[in-house]
Amino acid sequence: MSAAGALTRAAIGAVDTTGQCNDILGLPEHLRDALWRVESANLSPQDSPGGLVVAGMGGSAIGGALALAALGDRASRPISITRDYALPVWTTPDTTVLCCSYSGDTEETLAAYEAAGALGARRIVCTTGGRLAHSARTDQVPVIPLPGGFEPRAAIGYALVVALEVAALAGCGERLHTEIDVAAAHAEQLVADWGPDSPEDSLAKSLARSLNGTTLQVAGAGLTAPIAYRWKTQVNENAKMPCFATDLPELDHNEIVGWEGARELGRFSAVFLDDRDLHPRVRRRIGLTRELIEEQAAFTARIESIGEGRVERLVSLVLLGDLMSLYLAVLAGRDPAQIDSLMRLKSALASQVD
């Protein structure tokens, strides 16, 4: 392998000027620290027959989606994620609304916070500060403080744990303290297996090289469906590449036909995220679908989660996707921290306030 293709710490550091790699590698500690931060917020349990709504955008919202997947059939009340200015129409005063914004200035989440207040729903805030923290403290709404200095998407461990803990406090699911601790310990081993000091043929590095120069479609189901979406957004933001997420079995009713013309349009790749608890027919579909599209794809892979408990397995695939997307950025020579188009959009919106 040429020096230019090596994914060493030196090669990563030359592109990753703000240390995004270290933030990804810190996931095990983030999971543990998040438990402490929720406990330190001294939140009181409050039964919420209306369920839980997690309001947020981007990296702040995905924690809620991952938490719902981690709970699976242990969720005892409705849990939904809103990525919008408004709350779901079914939200009632006996619903708990968790408003997550890493910066505290996400306009959609601020609007959802106000909507929850007008409705009389219980509100809990998760943020580093900004207008959201100021409003919450003025309104005497509990705040779970997040550590500063991250890109919002790098705080995924915090977003996941906070959503799980608030769900338990609202009576919407079991408390998963032990599973979170086990997942953190397991992630430490995976960091060694897949991180910058791992062999050049480690899974995360090999996957990035195989996907480099292709347009990726990530498919998930059940536990892995929100993880597929996380992979998509990480490739978008870190590597600055188009990437798409889809769900099984739905893709077998439409998208599979679209693959028939893929080779004529460019280099497309597909990764299927598998898990041992998926419906047996879905797992069969993964194998058949991969076989049917391979001729049109530049690369395909079937990646299975690793671990025992649901949280452990979920975290394994989140970490793999985060590292893979960072390695893709390095191979493309793109600083993973730069999000210029996103910042230009925010600036344009700020100058056109209604």
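So the values come out like this:
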quantity	calculated
The stretch 16-46, subset of a type in the set (V, I, T) and assigned to a helix (DSSP H, G or I), residue farthest from G157 (Cα to Cα)	V38
Options V125, V97: the member that is free of Cβ contacts under 8 Å to residues at least 40 places away in the same chain and crowded, with 24+ Cβ neighbours inside 10 Å	V125
Residue ID - surrounded by the fewest Cβ atoms within 10 Å (Cβ to Cβ), chosen from residues in the stretch 304-325 that are hydrophobic (A, V, I, L, M, F, W, C) and either over 18 Å from L273 (Cβ atoms) or touching a Lys or Arg at 6+ places or on another chain (Cβ under 9 Å) (or both)	I306
Out of L43, L27, sole residue that is surrounded by fewer than 23 Cβ atoms within 10 Å (Cβ to Cβ) and touching a residue at least 60 places away in the same chain (Cβ under 8 Å)	L43
Checklist (1) surrounded by fewer than 22 Cβ atoms within 10 Å (Cβ to Cβ); (2) over 25 Å from D47 (Cβ atoms); (3) in contact (Cβ under 8 Å) with a residue 12 or more places away in the chain applied to Y102, failing item	(1)
Any hit, the stretch 182-202, residues being of a type in the set (F, W, Y) and in the same structural domain as G59 (by TED's automatic domain parsing)	no
Looking only at the stretch 105-116, and only at residues there that are farther than 15 Å from A163 by Cβ and not charged (D, E, K, R), the one that is surrounded by the fewest Cβ atoms within 10 Å (Cβ to Cβ)	A111
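The values are calculated or read from the model by the stated rules, or taken from the named source; none is laboratory data. Bear in mind the structure is a predicted one, so any value in this text is a computation, not a measurement. Methodologically, a virtual Cβ is constructed for each residue, glycine included, from the backbone with ideal geometry; neighbour enumeration extends over all protein chains shown.
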